[in-house]
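*Asks:* First, the structure itself, so that you have it in front of you.
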Amino acid sequence: MTQAFTAGFLLGFSLIMAIGAQNAFILRQGLRGEYVLPLVLTCAISDALLITAGVLGFGVLVEAYPDAVNYARWGGAAFLIVYGAMSFRAAWAGGEALEDTGKTVPSVWAALATCLLLTWANPHVYLDTVVLLGGISSQYTPAWGFGLGAVLSSFVFFFCLGYGARLLRPFFTSPRAWQVLDVAVGLTMWAIALKLIWM
């Protein structure tokens, strides 16, 4: 249980911390202190629903097609290797940084609508949560322990990002610090991929 939970937490956290429109939006709102609680809850609950669907849905698929586990294992490893390589490439290129653009969101409803759009209209969300996390969860016993770890990582990340934004601003606006983060993400992805390959 502990191993499955830890693996789920680490992989989930690594996937979600990658720079993107959703994280940039939460960061900007956190910098202003506007609608932080409803926004971080929206992101985390959305992830929880998608991860749960992936873990439960993949379990049903495995019962019907036992070979699906091997396909998921090799497919997941390949995806993580490519994802890690992209993080290393981003670190090598440098120049990435997130900044507060100064744009404001007129109301909590407009903020929630934007957040939901950035979450549910992003195809990478489904790939990361339903396909990748759902597929890899079948490699661990219990699979729900892996899923629980991934769900918790989402809550931890979004609450830290939303409420810690003011403290994290120098980090996220520094290209050098972002290079360090990209390297850390790449190393985590490759470590998990190697573990999948040698299981």
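The values are calculated or read from the model by the stated rules, or taken from the named source; none is laboratory data. In this text, all values refer to a predicted model and were calculated from it rather than measured experimentally. No Cβ is skipped: glycine too gets one built from the backbone with ideal geometry, and neighbour counts run over all protein chains shown. Areas reflect the complete protein model, heavy atoms only, side chains present, ligands, DNA and RNA absent. Shrake-Rupley method; radii C 1.70, N 1.55, O 1.52, S 1.80 Å.
*Asks:* Counting each DSSP H run of 4 or more residues in the chain as -39500 (n - 2.57), what helix-only mean residue ellipticity at 222 nm follows after dividing by all residues, to the nearest 500 deg cm²/dmol? Don't skip to the end; give the middle numbers.
*Replies:* Working: 10 runs with 155 residues, N = 199.
Per the formula, -25500 deg cm²/dmol.
*Asks:* Using a 1.4 Å probe and ignoring any ligands, DNA or RNA, find the accessible area of Asp67 and quote it in Å² to the nearest 10.
*Replies:* Spelled out: Asp67, probe radius 1.4 Å, area about 100 Å².
*Asks:* Where nothing but the Cβ of Lys and Arg (+1) and of Asp and Glu (-1) is charged, how large is the charge dipole of the chain around its Cα centre, in debye to the nearest 20?
*Replies:* Working: 9 positive and 9 negative charges, 77 e Å.
That gives a dipole near 360 debye.
*Asks:* If you don't mind, there's one more thing I want to ask. In nm², what is the average projected area of the convex hull enclosing the Cα atoms of the chain?
*Replies:* Numbers: hull surface 42.9 nm².
Averaged projected area of the chain's Cα convex hull equals 10.7 nm².
*Asks:* Whole-Hz Karplus ³J(HN,Hα) for region 45-51, in order, using 6.51 cos²θ - 1.76 cosθ + 1.60 and θ = phi - 60°, x for Gly and Pro?
*Replies:* With the stated coefficients, region 45-51 comes to 5, 4, 4, 4, 5, 5, 5 Hz.
*Asks:* Let me ask you something else. Could you please state how large a percent of the accessible area of the chain is carbon and sulfur, counting protein chains only and using a 1.4 Å probe?
*Replies:* Working: 7200 of 10090 Å².
Within the chain, the accessible surface is 71 percent carbon and sulfur.
*Asks:* Using heavy-atom solvent-accessible surface (probe 1.4 Å) with all chains present, what is the largest-first order of Met189, Met86? Numbers along the way, then the final one.
*Replies:* Details: Met189 0, Met86 125 Å².
So, going from the largest accessible area down, we get Met86, Met189.
*Asks:* If I build a Gaussian network model for the chain, linking alpha-carbon pairs within less than 10 angstrom, which residue out of Leu37, Leu15, Leu181 has the largest mean-square fluctuation?
*Replies:* Leu37
*Asks:* Which value, in Å², gives the accessible area per residue of region 106-199 when a 1.4 Å probe is used on the protein heavy atoms?
*Replies:* 51
*Asks:* What list of ³J(HN,Hα) values in whole Hz, one per residue of region 27-34 in order, does the Karplus curve 6.51 cos²θ - 1.76 cosθ + 1.60 (θ = phi - 60°) give from phi, with Gly and Pro shown as x?
*Replies:* Once rounded to whole Hz, the list reads 4, 4, 5, x, 4, 8, x, 9.
*Asks:* Something else about it: When the Karplus curve 6.51 cos²θ - 1.76 cosθ + 1.60 is applied with θ = phi - 60°, which whole-Hz ³J(HN,Hα) does each residue of region 181-196 get, with x for Gly and Pro?
*Replies:* Running phi through 6.51 cos²θ - 1.76 cosθ + 1.60 with θ = phi - 60° gives 5, 4, 5, 4, 5, x, 5, 5, 4, 5, 5, 5, 4, 5, 5, 5 Hz.
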